[in-house]
Amino acid sequence: MDLIKYLFENPVLNGRISRWTLMLSDFDLKYVPFKVIKGRAVADFLADNPIEETEVIDTWSFPDENVVHVENDIWDFYFDGASNYMGYGVGRLLISPTGEHVPVSIKLVFNVRNAAAEYEVYLLGLRSALDLGVKKLLVHEYSFLVINHVGGSSKIKSQSLALYQTRIDELEKYFEDIRYVHLPREENQFVDALSKLAALINTRDHIDSMPICVERRSSLAYVNAIDDAEEGETEPWYITILKFKET
């Protein structure tokens, strides 16, 4: 312990220590942590020793900006599986480095266990990523068991699931970098909804795919339903109401 800090910050003083503190009270002393003194000493040293004949740096340009620029080429991959009385479904989501979302909801028309559904959609996601030319992938999954299996830290013991492990190992060799991150289940809502949607929908035999678009709106549908101006008019019909509300 620092002795000066102990004297100045000890809440209970008695005996010799109290006499020392009383003697030190005659001086204008204040305890300052060493790291503050160290930082101020560096600043004082630089102020006392300025560099002479220094070039004026153009503050509007960044030297060697092409060197410090790092391109982000890692894709994010989310996946999940679901089952109910209507069947089995899986969902996966690929997000590009620039933010483009590639969601897919898949209906499984064969019997599969919940654990197998996770590996099924993971394999399908790896194939889709390779088709898109992805080389670096960050995999998000809420199940530690699945992460450990696909990440290679533990092996699948089930014989029926071991076939997935073999195929996963083959596909992962085509990626330059692939990493795994645990994701809380509540943060995996989008692909969870995709998998449940696929499980609930019964598709016809002759239909292989059904397009779906999810939009986000922040205003009522009828707000902009009326044209701003009628034909031949220069101002919209509500201009007097607008001016009244403004003033």
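Throughout, read-outs are computed from the coordinates displayed, never taken from laboratory work. Note that the coordinates shown come from a computational prediction; the quantities given were computed from them, not determined experimentally. With ideal geometry, Cβ positions are generated from the backbone for all residues, glycine too; neighbour counts draw on all protein chains shown.
Rounded, prolate or oblate: pick one for the range 74-200, where a ≥ b ≥ c are the square roots of the eigenvalues of its C-alpha gyration tensor, a/c under 1.5 means rounded, and failing that, prolate if a/b is larger than b/c, else oblate. Walk me through the intermediate numbers first.
Values: a/c = 1.57, a/b = 1.12, b/c = 1.40.
Oblate, because a/c is 1.5 or more while a/b does not exceed b/c.
Our estimate of slack between Ser160 and Phe244, defined as 0.36 nm per intervening residue step minus the Cα-Cα distance, is 22.9 nm.
Under the simplified labelling scheme, the Ser18-Ser96 pair shows an inter-label distance of 7.6 nm, with each label point 7 Å from Cα along Cα→Cβ. Spacing of the modelled spin labels on Phe144 and Met210, each 7 Å from Cα toward Cβ, amounts to 3.8 nm.
Please give the length that would be gained between Leu200 and Arg217 if that part of the chain were fully extended, namely 0.36 nm times their separation in residues minus their C-alpha to C-alpha distance (nm, one decimal). 3.6 nm is the gain from fully extending Leu200 to Arg217. The tail of the calculated P(r) for the range 160-222, taken as Cα-Cα distances beyond 13 Å, holds 81 percent of the pairs. Highest mean packing comes first when the peptides 129-139, 179-189 are listed by Cβ atoms within 10 Å, giving 129-139, 179-189. Over all other residues within a Cβ to Cβ distance under 15 Å of Asn188, the charged ones net out to -4, with Lys and Arg as +1 and Asp and Glu as -1. Here the simple spin-label model places points 7 Å from the Cα toward Cβ, and for Leu171 and Asp48 these points are separated by 6.6 nm.
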